[in-house]
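The values are calculated or read from the model by the stated rules, or taken from the named source; none is laboratory data. Computed from a predicted structure; not experimentally measured. Note that we place each Cβ from the backbone using ideal geometry, even for glycine, and neighbour counts take in every protein chain shown.
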Amino acid sequence: MKGLMVQGTASSVGKSLICTAICRLLANEGKCVAPFKSQNMSSLSIHTEDGFEISVSQALQARAAKTPYLPEMNPILLKPSGNMETDIIILGKKENKMNGMLYREQYFEAGQKLIKKSLHALSNSFEFLILEGAGSPVEMNLRDRELVNMRVADLADVPVLLVANIEYGGVFASIVGTLALLPEEQRARVKGIIINKFQGDVSMFQDGVDFIEAYTGIEVLGVVPYFPNELEEEDGIAKSDKSASDDQIDDWANHFKKYVRWDKIVATLEGDE
C-alpha cells in the first residue's frame, strides 16, 4: 500500500490535526485517501448515521479526506467509562467492558489480526492511507504489546513522520530521545521530522533545525507555527458542540502546507524517498 504514518514524541503534539491536514491536501489534489488509526483511546466520540461509534478525530480526518467514514478506519476504540474500566468498541460496535490489563492480555493477538484485516480492506479501496499513531512509540512499559505505533507501521510497511511540540520546550530532547529508544530497524522508518506549535518568527529557529538534522541525520520537513484552531481533537476537551466547517479544515490545511516541505511529504508517501 502507499501511505505514511504520523507518530509523535508525546501526546498532544498535533498528530491528529497533521493527519487531517494531509488528508485534506491530498483530497484537494484529487487523490483517493483514507485516514486510519488502529486503536484510539478517547472519551470523545460520535455516532454515525449507520450507528457506528467513532472517535471525533477519525471522523474529522474522513471529512477532510472527503470520504464517508468506514469503521475500518478506526477498528478499535477504547472509551473510558469510569471505575478503571473501558468500553471496547470494535469496528464501531460496543463489544465488551473491561480494565486495561485484561484488555492487553485478551485482545493483543485478535487486535493484530483485526488491524491487518482493516488495513487490507482500506488499501483495496483507496490510493493512499494516512495512519496516525498514539502517544509516543517509545513507551517502554507498553512496547511489547502495543497496537498503535511502530507495530502498525511494520504491519503496513509504511514510512513514518515524527512530530514534536515545541510549545512547552524540550523539543530537542524529545526528538533525540525518541529516536534513540527505537530499535534500529524501526528508527529507519522515520523519514522526516515536523516541529509543531512554534510561536514567533520561524526563521529564528534555523539553528535548531540545523542541529536536529546534523545530530539525527533526518530531515526536518517543517516548522509549523501555532494555529488557534476550532477543530475536534481526541485529547482534552472538545472545542465546541459543532463540527468544524470545510473552510476551517481548509484554513488549517493551507496553514500547514505553507510551512512544510509538501513535495517531500508527497514523495515519502509515494515511496520515492
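If the Cβ limit is 7 Å and pairs must be 6+ apart or interchain, which residue in the stretch 176-198 that is free of Cβ contacts under 8 Å to residues at least 24 places away in the same chain and part of a helix (DSSP H, G or I) pairs with which residue that is crowded, with 19+ Cβ neighbours inside 10 Å and aliphatic (A, V, I, L, M)?
These pairs meet every condition: ARG187/LEU179.
Criterion first (of a type in the set (A, V, I, L, M, F, W, C), in contact (Cβ under 8 Å) with a residue 60 or more places away in the chain and outside any helix (DSSP H, G or I)) does VAL148 satisfy it?
Numbers: of a type in the set (A, V, I, L, M, F, W, C): yes; in contact (Cβ under 8 Å) with a residue 60 or more places away in the chain: yes; outside any helix (DSSP H, G or I): yes.
Against the criterion (of a type in the set (A, V, I, L, M, F, W, C), in contact (Cβ under 8 Å) with a residue 60 or more places away in the chain and outside any helix (DSSP H, G or I)), VAL148 qualifies.
Please specify each residue of the stretch 120-142 satisfying the condition of being farther than 18 Å from LYS15 by Cβ and not polar (S, T, N, Q).
Scanning the stretch 120-142 gives HIS120, ALA121, LEU122, PHE126, GLU127, MET140.
Within the stretch 244-269, restricting attention to residues that are outside any helix (DSSP H, G or I) and either buried (at least 16 other Cβ atoms within 10 Å of the Cβ) or in contact with a strand residue (DSSP E or B) (Cβ under 6 Å, 6 or more places away or on another chain) (or both), which residue is modelled with the lowest pLDDT? Spell out the reasoning first.
Step one: list which residues in the stretch 244-269 are outside any helix (DSSP H, G or I), which gives 244-245, 259-261.
So of that shortlist, the ones also either buried (at least 16 other Cβ atoms within 10 Å of the Cβ) or in contact with a strand residue (DSSP E or B) (Cβ under 6 Å, 6 or more places away or on another chain) (or both) come out as 244, 259-261.
Working: ALA244: 82, TYR259: 98, VAL260: 98, ARG261: 98.
Per the stated criteria, the residue is ALA244.
Hey, among ALA10, ALA62, which residue is farther than 20 Å from GLN112 by Cα, in a helix (DSSP H, G or I) and hydrophobic (A, V, I, L, M, F, W, C)?
Details: ALA10 fails: in a helix (DSSP H, G or I).
When all the criteria are applied, what remains is ALA62.
Under the condition of being farther than 23 Å from ARG24 by Cα and out of contact with any Leu (no Cβ under 9 Å at 6 or more places or on another chain), which residue from the stretch 43-76 is surrounded by the most Cβ atoms within 10 Å (Cβ to Cβ)?
Going through the qualifying residues, I end up with SER43.
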